[in-house]
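Asks: One structure, as C-alpha cells, below. Some questions next.
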Amino acid sequence: MHPEILAQEGYTSVSVADAPVRELFPGVRLRPLWTGANGAHAGVLEMDPGTSWPHRDVHEPGPEEVYVVAGTFDDGARSHPAGTFLHAPAGSWHVPASATGCTLFLFYPEG
C-alpha cells in the first residue's frame, strides 16, 4: 500500500451512494462527484423509467462526455445501451430520455 497517494493535492474519491442528490426534473437526479478549479466537473445522472428532459440539453460552454453505466439512454435520435460512450461537442444538443431508466456518468472538461 502507498498511503502517500492520498496526500497528493487534489487527489480525491467519493462514493456515488454518498454524493448529494439534486432532482433536476421529476424522475431525473444528479449526483455531483467532483468539481475542478477551472469549472470542469463530473457527476452521475439517474433517470427513472419513462422520464425525459423537458427541452433541448445544449452543451455550453464546452463538450459533454457521457458513459452509459446501466439501462438504456436515448439521446432523441438513437438508443444507447449500457457500455456506450458518447461525446457531444460544444454547441451540440440532444433531448435525453429513457424508457427503461438509466444511470449515466457525465464529465464536462470545460465546465
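The values are calculated or read from the model by the stated rules, or taken from the named source; none is laboratory data. Since this is a predicted model, take the numbers as computed values, not measurements. Methodologically, a virtual Cβ is constructed for each residue, glycine included, from the backbone with ideal geometry; neighbour enumeration extends over all protein chains shown. Just the protein is used for accessible areas: all its heavy atoms, side chains included, with ligands, DNA and RNA removed. Shrake-Rupley method; radii C 1.70, N 1.55, O 1.52, S 1.80 Å.
Asks: What list of ³J(HN,Hα) values in whole Hz, one per residue of the range 10-26 in order, does the Karplus curve 6.51 cos²θ - 1.76 cosθ + 1.60 (θ = phi - 60°) give from phi, with Gly and Pro shown as x?
Replies: x, 6, 8, 8, 8, 7, 4, 5, 8, 6, x, 10, 10, 7, 7, 8, x
Asks: Still on this structure, please answer the following. Find, among the GluC sites (Glu not before Pro) in the range 48-111, those assigned to loop by DSSP (not H, G, I, E, B) with at most 16 other beta-carbon atoms within 10 angstrom.
Replies: On the way: sites: 64, 65, 110; in loops: 110.
Sparse-neighbourhood loop GluC sites (Glu not before Pro): 110.
Asks: Could you check the spin-label model distance between residue 35 and residue 18? Points 7 Å from the Cα along Cα→Cβ, value in nm.
Replies: Taking the two extended label points, one gets 1.9 nm.
Asks: Can you work out ³J(HN,Hα) from phi for every residue in the range 102-111, in order, using Karplus 6.51 cos²θ - 1.76 cosθ + 1.60 and θ = phi - 60°, giving whole Hz and x for Gly and Pro?
Replies: 7, 10, 10, 9, 10, 9, 10, x, 10, x
Asks: Which is farthest toward the positive dipole end of the chain among 80, 90, 66, measuring Cα position about the Cα centre, with Cβ charges +1 (Lys, Arg) and -1 (Asp, Glu)?
Replies: 80
Asks: Put 98, 13, 79, 92 in order of accessible area, largest first, 1.4 Å probe: what do you get? Write out the running numbers ahead of the final one.
Replies: On the way: 98 5, 13 105, 79 80, 92 30 Å².
Ranked list, largest accessible area first: 13, 79, 92, 98.
Asks: Suppose all protein chains stay in the model; what accessible area per residue would a 1.4 Å probe give for the chain, in Å²?
Replies: On the way: 6710 Å² over 111 residues.
For the chain, the per-residue accessible area is 60 Å².
Asks: Give the dimensionless ratio obtained when the Cα radius of gyration of the chain is divided by 2.2 N^0.38 Å.
Replies: Working it through for the chain, the quotient is 1.14.
Asks: List the residues whose amide H sits under 5 Å from the amide H of residue 72, counting only those 5 or more places along or on another chain, with H placed 1.01 Å from N in the peptide plane.
Replies: For residue 72, whose amide H was placed from the backbone, the distant partners under 5 Å are 100, 101.
Asks: I've got another one for you. If you add up the charges near residue 100, with Lys and Arg at +1 and Asp and Glu at -1, over every other residue whose beta carbon is less than 13 angstrom from its beta carbon, what do you get?
Replies: -3
Asks: Over the range 32-77, how many percent of alpha carbon pairs lie in each 5 Å bin up to the one with the longest distance?
Replies: In whole percents, the pair-distance histogram is 5, 14, 24, 29, 17, 9, 2, 0.
Asks: Starting at the first residue of the range 67-82, write each ³J(HN,Hα) from the Karplus equation 6.51 cos²θ - 1.76 cosθ + 1.60 with θ = phi - 60°, in whole Hz, x for Gly and Pro.
Replies: 10, 7, 7, 8, x, 10, 9, 10, 8, x, 10, 8, 9, 10, x, 3
Asks: Also: Whole angstrom only: what separates the Cα centroid of the range 60-111 from the Cα centroid of the range 1-56?
Replies: Cα centroid to Cα centroid, the span is 14 Å.
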